[in-house]
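The values are calculated or read from the model by the stated rules, or taken from the named source; none is laboratory data. Everything numeric in this text was worked out from a predicted model, so none of it was measured. Heads up, the Cβs are rebuilt from the backbone with ideal geometry, glycines too, and the neighbour counts pull from every protein chain shown.
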Amino acid sequence: MSVCLQKVRIDGKTVQLFDDDGKVTGYSFSQDKYYPDPLDQLPKDFVAVKYIKTEEEIEEEIDDITSYQTKDVPSRNLEASSLRRFGVKTGLSEADGESVTTLHFPITKDSTLVGYKNKLLAPKRNWNTGVAKGIDLFGWKQAIDAGSPKLFITEGEADAVAAYQMLKQNSAGTKWSHLEPSIVSITNGAGGAKNQLVSKQAEIFKHFQEVVLLFDMDEPGQQAAEAVVKVLPHTTVATLPRNDANECLIENRIRGFCRAVLFNSSKPKNTRLIKGSSLSVAAKTPPVWGLSYPWSGLTSKTKGIRRGEIIIIGAGVAMGKSILLSALAADMIVEHNNPVLIVKAEEAAVKTYQELVAQVASRRFNDPSLKFDEEAYDLADAKIKDKAIIVDSYQFIDFDTLKVDINDAIVNEGVKDIYIDPLTCLVNDMSASEANELLNKAMAELAAIAKDMDVTFYMFSHLNNPKSGAPHEEGGAVHVNQLTNSRGMMRSAHMILGLEGNKSPDLPEDERNMRQLVLLKDREHGQTGRINLWWSKTSGKFEEIAG
């Protein structure tokens, strides 16, 4: 995507400057002339900067584009009737007033026009006018209105128009000619395909039973298709007779295109067999430390927090796992400047946020016997704010809905760390067999999301009572087989931690506040061990102490 810079005058003509991946180019619409190196014709001290339009200027530009006509585009073999179906406008040459030099694809959000994606045909340049975040797939409303159970997805907007045109031409004169195909395009290229389609997954499968990807046949397009198929069910990939749909139309490969997308789409070939030579360079890369934990002993034993993993923390009732979660999330926000998603089904969202602030402030804000330190609260609150994203739910959370929330947080908010407490909130009110089945399914799917989306899950689990010996609240050891759905946990988790301690009222207060964070499983390094923690009633934090 090109970035529009300011306009300049060269040889008495207005030239629009563009930033194309760090190189400044220019185009004069009045001359239909391309300037590959416009800075060579400007003063040496000239600095190209991005022109920031006001809201009024943006609205005026959107209104101006909306007033454009829609004409045939001979260079792309696109017919005006096909372009009109998608609301596409055409810009004409300022030099001759007839040739189409630009295409303007509508950008919608909740089916409302919020801007245009502008495409200069020669040389190829793309830039946006208006809103470009959280938008619909291109052609989304038309696809829904068509009522087809099958959705075709292209890699570019012009390809969506071309695909529609070819499918309609192919059905002309047949008993299916009255049917409208449902075709959309991703809006930010192959690199963003997976994230965008994952974020739209619930909407897509609400309206469609099957998805066929018509991505470009080049390497980026096919890699994007493979990535999408891994995370979207009921999705197949079509092998096109040319690189993309528009190229098929231009080269009159209409019949081959229609046969490929209607009848011959399939899952990508299994590529699990990989030759060592393709892994040689990657395997030679020296290992690096992961992100630090709030406690140096845990960082040392585990080598830090890694992406693509699931971490399970098991603890008995009232042992402090909620505080542990808040400590981990607050540290991720403040020390690593990363936004987090928190799912705490057993407490109100306002309490979850207050505990995060308390961890940053090293103050207790939930004890009425203590003076509420507003200054400390405000200072800590300023460090968190919108970096904390909290699911507003209580007790029961539907897993399918939760996946949508997770995908939204990852794609739209840049979240890399997701905290769920307790995992059993997904199976409240279910029978033991139903709960076991769902938890196995959930763990497998979340493990796949962790790997595919390069994120880390922290899941907190209740424990089954020990079959013998002291209960967990009185110093009983935590074992992996005591975790709820322990088999599923062991299979999917990369790391398992236990929080141990003795809360017996017969012990001195300082001893009651002692905890041990026990490393029970570490798939990556095979480490085990203990980290000694002490809960301070002054700071409200778990502080690490020497063993």
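Among the candidates Ser431, Ser461, Ser504, which residue alone is in contact with a Gly (Cβ under 6 Å, 6 or more places away or on another chain) and among the hydroxyl-bearing types (Ser, Thr, Tyr)?
So the residue among Ser431, Ser461, Ser504 that is in contact with a Gly (Cβ under 6 Å, 6 or more places away or on another chain) and among the hydroxyl-bearing types (Ser, Thr, Tyr) is Ser461.
From the list Ala318, Ala283, which residue is surrounded by fewer than 16 Cβ atoms within 10 Å (Cβ to Cβ) and assigned by TED's automatic domain parsing to the domain that holds Met332?
Every option except Ala318 fails the conditions.
Given the conditions (1) crowded, with 18+ Cβ neighbours inside 10 Å; (2) touching a strand residue (DSSP E or B) at 6+ places or on another chain (Cβ under 8 Å); (3) closer than 19 Å to Gly192 by Cα, and given that Asp216 satisfies all but one, which numbered condition is not satisfied?
Condition not satisfied by Asp216: (2).
Please state which of the following conditions Ile274 fails to meet, knowing it meets all the rest: (1) within 27 Å of the chain's Cα centre (by Cα); (2) of a type outside the set (Gly, Ala, Ser); (3) not in a helix (DSSP H, G or I).
Among (1) within 27 Å of the chain's Cα centre (by Cα); (2) of a type outside the set (Gly, Ala, Ser); (3) not in a helix (DSSP H, G or I), Ile274 violates only (1).
How many residues does region 295-308 contain that are in contact (Cβ under 8 Å) with a residue 40 or more places away in the chain and hydroxyl-bearing (Ser, Thr, Tyr)?
Summing the residues that are in contact (Cβ under 8 Å) with a residue 40 or more places away in the chain and hydroxyl-bearing (Ser, Thr, Tyr) in region 295-308 gives 2.
So how many residues does region 37-62 have that are over 14 Å from Gln16 (Cα atoms) and in contact with a strand residue (DSSP E or B) (Cβ under 7 Å, 6 or more places away or on another chain)?
Result for region 37-62: 3.
Test each condition in (1) part of a loop (DSSP other than H, G, I, E, B); (2) among the acidic types (Asp, Glu); (3) in contact (Cβ under 8 Å) with a residue 40 or more places away in the chain for Asp452 and report the one that comes out false.
The number of the failed condition is (1).
Checking Asp110 against (1) under 18 Å from Leu197 (Cβ atoms); (2) surrounded by fewer than 19 Cβ atoms within 10 Å (Cβ to Cβ); (3) at pLDDT 95 or above, only one condition comes out false. Which one?
Evaluating Asp110 over (1) under 18 Å from Leu197 (Cβ atoms); (2) surrounded by fewer than 19 Cβ atoms within 10 Å (Cβ to Cβ); (3) at pLDDT 95 or above leaves (3) as the failure.
What's the total number of residues in region 161-196 that are of a type in the set (S, T, N, Q) and part of a strand (DSSP E or B)?
Here the count works out to 2.
Counting only residues that are touching a residue at least 24 places away in the same chain (Cβ under 8 Å) and not in a strand (DSSP E or B), which one in region 1-39 is nearest to Asn188 (Cα to Cα)?
Met1
Could you grab me the full set of residues in region 498-547 that are closer than 30 Å to Ala376 by Cβ, surrounded by 14 or more Cβ atoms within 10 Å (Cβ to Cβ) and among the aliphatic types (A, V, I, L, M)?
The answer is Leu499, Met514, Leu517, Ile531, Leu533.
How many of the residues making up region 229-259 are without any contact (Cβ under 8 Å) to a residue 60 or more places away in the chain, in a helix (DSSP H, G or I) and under 30 Å from the mean Cα position of the chain (by Cα)?
Qualifying residue count, region 229-259: 1.
So which residues in region 441-452 are of a type in the set (A, V, I, L, M) and surrounded by fewer than 16 Cβ atoms within 10 Å (Cβ to Cβ)?
Ala444, Ala448, listed by residue number.
From the residues in region 375-395 that are among the acidic types (Asp, Glu) and at pLDDT below 95, which one is farthest from Ala361 (Cα to Cα)?
Among those that are among the acidic types (Asp, Glu) and at pLDDT below 95, it is Asp392.
Look through region 43-55, keep the residues that are of a type in the set (Lys, Arg) and in a loop (DSSP other than H, G, I, E, B), and return whichever of them is nearest to Ala162 (Cα to Cα).
Lys53
For region 337-380, give me each residue that is closer than 20 Å to Thr538 by Cβ and in contact with a Phe, Trp or Tyr (Cβ under 9 Å, 6 or more places away or on another chain).
Within region 337-380, Gln354, Glu355, Val357, Ala358, Ala361, Arg363, Phe365, Phe372, Asp373, Ala376, Tyr377 qualify.
If I ask for residues that are of a type in the set (Val, Ile, Thr) and within 14 Å of Lys50 (Cβ to Cβ), which ones from region 1-25 would you list?
Scanning region 1-25 gives Val3, Val8, Val24.
Between Leu42, Leu83, which is buried (at least 16 other Cβ atoms within 10 Å of the Cβ), touching a residue at least 24 places away in the same chain (Cβ under 8 Å), on the phi < 0 side of the Ramachandran plot and more than 35 Å from the chain's Cα centre (by Cα)?
Going through Leu42, Leu83 in turn, just one is buried (at least 16 other Cβ atoms within 10 Å of the Cβ), touching a residue at least 24 places away in the same chain (Cβ under 8 Å), on the phi < 0 side of the Ramachandran plot and more than 35 Å from the chain's Cα centre (by Cα): Leu42.
Go through Gly316, Gly256, Gly297, Gly290 for me and flag whichever is touching a Leu at 6+ places or on another chain (Cβ under 7 Å) and not polar (S, T, N, Q).
Result: Gly316 is the single residue among Gly316, Gly256, Gly297, Gly290 that is touching a Leu at 6+ places or on another chain (Cβ under 7 Å) and not polar (S, T, N, Q).
Looking only at region 308-337, which residues are of a type outside the set (A, V, I, L, M), in contact with a strand residue (DSSP E or B) (Cβ under 6 Å, 6 or more places away or on another chain) and closer than 20 Å to Ser292 by Cα?
Glu309, Lys321, His336
Can you list the strands (runs of 3 or more DSSP E) lying wholly within region 309-395 that have 1 or more residues being without any contact (Cβ under 8 Å) to a residue 60 or more places away in the chain?
Once the strands (runs of 3 or more DSSP E) in region 309-395 are filtered for at least 1 residues that are without any contact (Cβ under 8 Å) to a residue 60 or more places away in the chain, what remains is 388-390.
Mind checking which residues of region 56-72 are within 30 Å of Val161 (Cα to Cα), free of Cβ contacts under 8 Å to residues at least 40 places away in the same chain and of a type outside the set (Ser, Thr, Tyr)?
Residues satisfying the conditions are Glu57, Glu59, Glu60, Asp63, Asp64, Gln69, Lys71, Asp72.
Tally the residues that are at pLDDT 85 or above, assigned to a helix (DSSP H, G or I) and surrounded by fewer than 20 Cβ atoms within 10 Å (Cβ to Cβ), restricting the search to region 404-440.
2
Would you be able to say whether some residue in region 90-105 is buried (at least 20 other Cβ atoms within 10 Å of the Cβ) and either under 25 Å from the mean Cα position of the chain (by Cα) or closer than 25 Å to Thr235 by Cα (or both)?
Yes; the residues of region 90-105 include at least one that is buried (at least 20 other Cβ atoms within 10 Å of the Cβ) and either under 25 Å from the mean Cα position of the chain (by Cα) or closer than 25 Å to Thr235 by Cα (or both).
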